[in-house]
1. Mind listing which trypsin sites (Lys or Arg not before Pro) in segment 1-91 are in a DSSP loop and have 14 or fewer other Cβ atoms within 10 Å?
2. Determine the share of the chain's accessible area contributed by carbon and sulfur atoms, expressed in whole percent, with a 1.4 angstrom probe.
3. What size of dipole, in debye to the nearest 20, comes out for the chain about its Cα centre when the only charges are +1 on Lys and Arg C-beta atoms and -1 on Asp and Glu C-beta atoms?
4. Counting Lys and Arg as +1 and Asp and Glu as -1, each charge on the Cβ, what is the dipole of segment 56-95 about the Cα centre in debye, to the nearest 20?
5. Taking Cα pairs under 8 Å and at least six residues apart, what relative contact order does the chain come out at, in percent?
6. Give me the accessible area per residue for the chain, probe 1.4 Å, as a whole number in Å².
7. Rank Ile9, Ile38, Trp73 by how far each Cα sits towards the positive end of the charge dipole of the chain (+1 on Lys, Arg Cβ; -1 on Asp, Glu Cβ) and give me just the farthest.
8. Reachable lysines from Lys15, Cα under 30 Å, same-chain residues fewer than 8 places away excluded?
Amino acid sequence: MTLAFVHLIFPKYFKWKEDLKPLTLINRQMMTVHTFFIALVVFLMGLLCLTSSSDLVETKLGKTISLGLAIFWSLRLLTQFFGYSAKLWKGKAFETVVHIFFTGLWIYLSLIFWMNYLR
């Protein structure tokens, strides 16, 4: 759920007001709207885990949801390496730490949901 709130700083931190100015109105608004909905989905995933963990572990529906979450986080892990250029973090101390931290987080989340689904 914390990850969802991190999305709140994206526009200011990444200077979207300036950087997105050359884009068309639809593309600027899509960045904002899609970021909001990604944050909302991530928040709801966390809320589901907090409020319904036993259902995720003990029911067939929970296992199916876990499969979906495992696929989601595994694809996010792959995106960490194939969707973003290493030029964004290599040789930059802060960005490298962030890259390593989030790689670890995506691995952790992927493994948790795969293990729950497969057990």
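The values are calculated or read from the model by the stated rules, or taken from the named source; none is laboratory data. Just so we're clear, the structure is a prediction, and the values are computed from it rather than from any experiment. So basically every Cβ, Gly included, is an ideal-geometry build from the backbone, and we count neighbours across all protein chains shown. Side chains are part of the model used for accessible areas, which takes the heavy atoms of the whole protein and leaves out ligands, DNA and RNA. Shrake-Rupley method; radii C 1.70, N 1.55, O 1.52, S 1.80 Å.
1. Numbers: sites: Lys12, Lys15, Lys17, Arg28, Lys60, Lys63, Arg76, Lys87, Lys90; in loops: Lys15, Lys90.
Listed in order of number, the matching sites are Lys15, Lys90.
2. Summing carbon and sulfur atoms, their accessible area is 74 percent of the total for the chain.
3. Values: 12 positive and 5 negative charges, 68 e Å.
Approximately 320 debye in magnitude.
4. My answer is approximately 140 debye.
5. RCO, the chain: 27 percent.
6. 73
7. Of the options given, the answer is Ile9.
8. Reachable lysines: Lys87, Lys90, Lys92.
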